[in-house]
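**Student:** First the structure, then my questions, so here it is.
Since every read-out is calculated from the coordinates, none of them should be taken as a lab result. What you see is a predicted model; the values in this text were computed from it and never measured. Virtual Cβ from ideal backbone geometry, glycine too; neighbours counted across all protein chains shown.
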Amino acid sequence: MTEGGIVISYTLWNVLAGSTILGVTGGVLGCFTLLRRQSLLGDALAHAALPGVCVAFLLTGSKSPLPLLLGALAAGVAGSLLILSIVRWSRVKEDSAIGIILSVFFGLGIVLLTRIQQLPGGNQSGLDKFLFGQAASLVASDLAVMGTLSLAVLAAVVLLFKEWKLLAFDRTFGASLGYPMRGLEIGLTCLLVVVVVVGLQTVGVVLMVATLVTPAAAARQWTDRLSVMTVLSGAIGGISGASGAIASGLVSHLPTGPTIVLVASAMLVVSLLFAPNRGLLWAALRERRFTARIRRENLLKDVYLFGERGGGRFEFVSRPALMGERGLGGAEIERHSLPLLRAGLLERFGDALRLTPAGLVEAERLVRKHRLWEVYLTRRLELPPDHVHRDAEAMEHALSEAAVDDLDEMLGFPEVDPHGRRIPRREKAET
Amino acid sequence: MNPTHAAEQPARETPGPAIEPTEAPPALEVHDLTVAYRTQPVLWDVDVALPAGRLTAVVGPNGAGKSTLLKAVLGLVKPTTGWVKVFGAPYAEKRSWVGYVPQRESVDWDFPTSALDVVTMGLYGQVGWFRRPSRTHVATALECLDKLGIKDLAGRQISQLSGGQQQRVFLARALAQDARLYLMDEPFAGVDATTERAIFALLKELRREGRTVVAVHHDLPTVPEYFDSVVLLNMRLVASGPVATTFTQENLQQTYGGRLTTLSQAAEALLHRRPVDKK
């Protein structure tokens, strides 16, 4: 990379700049596409750009970027207007209308492309790069057009951020405030077409939608604020654009556009799995912790119930007796008891377990919730006593202390549950 | 909140018995309103005049056109015939006087935004094009959340709110609009007891300030407790007036009973006769 280094880096620079511009712009605008659930529309508009490019070439005979991009813009606008009219004037639903326009326009584009390639003369070669993109063919004048369009899009998002947020969240309310929602919607759709045009040469019409939706979906995982999401999505788009460009520059025969899409998708997968709160891993962890807590609480309660039946509150209960209670194995009892032993709520002698004073307080807290809920179900919902246990089994782990105090008061501090067993009082439990 | 409103519209001790047509135009006047989705009529020849400063319930069975009535007032659906006036003028001229609370299910609550941010949207009309809400706007929004008793939830993502809290966020947003006429689409639907009390308190407060509320309401037993007047609607207007005289067994029967037979037949007949009928 010494002799050809300058040439390569010049191309790479163009590719890098083009891909990053596209990534940032697509990511930012894609947030609104995603939140308005119009990803499919974005896809249709991208595909619709192809015949526009072909017609522009046939009319002007030139491959300079501006006329081709204008053609794409015109076709995209025509496509979106057609979709709107189909929905408005026929009984065809929106998703079908989008599907129809997508395939019709794309089919037309392919037909035109094939015809053009059979024309005499060598000028027509290279139009097929708009299918999957060919970032290496980007030159400075392309970048100037892309950069200008992107700046326009970003400026519009900054200016109309509040209005488009309103459109995406609550269109009806926005209209009631007097904002022209229809106009805002048309404006947003036009910008979508502009972004498609920006991405034509880099990723092409087929994969274009990925640069809109993927970064936005990834960004949504990490934040609950639209402003942060928009910036983050732009950043994710930009990073995938840049790294896709670099990767395809370093490894031969690696197409830029698809590589960008793959990088963005990888970032989406990471976000879906690992983002706090919304990530799948996080959810699984929460679920696991909750299950573990339920098991711990159940074991503690079982030990308590043995003591209650036998008379001795701090009596040792043997492991086989506990195994019989919920059909658990000895190893499971062992496993569930470990955190309780560590927390000082249970004591062990051999394989037998008993409550500590602190464990008794905790167990009575649970039993109180269970039995109060049973009273509530039988009294208020008039369920028969033999139908309430299962429900109470779940509620004892879910009710908050404040809620159970309210419940107690509402029920008039009952002494016994529907099965005639004593409801532990809070005061007693504390002394 | 806005002192000029109170000055122009003195609060009433008790709802007045009749409309005063000359001095004060009705808060809401709907004349000969017909709305159809495609060829299906939803509202038929509805005439309503609601005096200012009262709480009015719009009551009727499912599909009676209650939400459509509100949307027609707001210009969100185009009427086939008829007109709407707000405080004696076309809605377009009095837009800032009208606040709207859509049905809670009408939006995606997983949207990346906070309770405070949603309430701030009520001020977007004042904020104006291209601008961001100022610190004063945000402070006002916070005040409105406080009035609904959920100030401490201001920063919370809206999907983390209970249904009742979400409804209160919507009401706080309407409050932020500082309107004279509030159109609410089922504010009491599916809320908890605390929220119901909070909404009722809010309605009374709005009436005390001389504001007018028109709310689609489903829970018939609470109509006399919560509202002063009632509009009984089943595609056509069945009756409209003070709760005491209008919310009668007979009128309810007419509104809810046999709607698929009598009323729709009548409407059907009217539909065919209409060109002749309209002198």
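**Student:** To the nearest 0.05, what FRET efficiency results for B:A139 and A:V228 with a Förster distance of 35 Å applied to their C-beta separation?
**Tutor:** According to the calculation, E is roughly 0.95.
**Student:** Across peptide A:158-169, what mean number of C-beta atoms from other chains lies inside 10 Å of a residue's C-beta?
**Tutor:** Counting other chains' Cβ atoms within 10 Å and averaging over A:158-169 gives 4.
**Student:** If r is the Cβ-Cβ distance from A:C190 to B:D32 and R0 is 30 Å, what FRET efficiency results, to the nearest 0.05? Intermediate results must be reported in sequence, preceding the final value.
**Tutor:** On the way: r = 39 Å, r/R0 = 1.30.
E between A:C190 and B:D32, to the nearest 0.05, is 0.15.
**Student:** Past 29 Å, Cα to Cα, is the threshold; run A:K63/A:K165; B:K94/B:K147; A:K301/B:K151 against it and keep the listed order. Display every interim value, and only then the final one.
**Tutor:** Working: A:K63/A:K165 38 Å; B:K94/B:K147 25 Å; A:K301/B:K151 39 Å.
Table pairs above 29 Å Cα-Cα are A:K63/A:K165; A:K301/B:K151.
**Student:** In a shell of Cβ-Cβ distance under 11 Å around B:G163, excluding B:G163 itself, what net charge do Lys and Arg (+1) and Asp and Glu (-1) give?
**Tutor:** Taking every other residue near B:G163 into account, the sum is 0.
**Student:** Near B:L28, within a Cβ-to-Cβ distance under 11 Å, what is the net charge of the other residues, with Lys and Arg +1 and Asp and Glu -1?
**Tutor:** +3
**Student:** Say each of A:V416 and A:K63 gets a label point 7 Å from the Cα, pointing the same way as Cα to Cβ; how far apart are those two points in nm?
**Tutor:** Using points 7 Å along Cα→Cβ, the separation is 9.4 nm.
**Student:** Turning to a different aspect of this structure: Label-point separation (nm) for B:Q249 and A:K93, each offset 7 Å from Cα along Cα-to-Cβ?
**Tutor:** So the two model labels end up 4.6 nm from each other.
**Student:** Quick one: order A:E287, B:E143 by neighbouring beta-carbon count within 10 Å, fewest to most.
**Tutor:** Working: A:E287 10, B:E143 15.
Ranking A:E287, B:E143 by Cβ neighbours within 10 Å, fewest first, gives A:E287, B:E143.
**Student:** So what's the net charge close to A:R289: Lys and Arg +1, Asp and Glu -1, counting the other residues with Cβ under 13 Å from its Cβ? List each step's numbers first, then the result.
**Tutor:** Working: positive: A:R286, A:R288, A:R293, A:R295, A:R296; negative: A:E287, A:E297.
Taking every Cβ under 13 Å from that of A:R289, the sum is +3.
**Student:** With +1 on each Lys and Arg Cβ and -1 on each Asp and Glu Cβ, and nothing else charged, work out how big the dipole of the range A:5-275 is about its Cα centre, in Debye to the nearest 20.
**Tutor:** It comes to approximately 360 debye.
**Student:** Which of B:C144, A:C190 has the fewest other C-beta atoms within 10 Å, and how do the rest follow up to the most?
**Tutor:** Arranged by neighbour count, lowest to highest, B:C144, A:C190 become A:C190, B:C144.
**Student:** Ranking A:F316, A:F349, A:F130, A:F306 by Cβ neighbours within 10 Å, fewest first, what do you get?
**Tutor:** Lowest count first: A:F349, A:F316, A:F306, A:F130.
**Student:** Compute the FRET efficiency between B:H218 and A:Y10 as 1/(1 + (r/R0)^6), taking r as their Cβ-Cβ distance and R0 = 56 Å, and round to the nearest 0.05.
**Tutor:** Working: r = 69 Å, r/R0 = 1.23.
Efficiency computed from Cβ-Cβ geometry: 0.20.
**Student:** Return the distance in nm (one decimal) between the two label points of a simple spin-label model at A:D386 and A:V139, each offset 7 Å from Cα along Cα→Cβ.
**Tutor:** 8.9 nm
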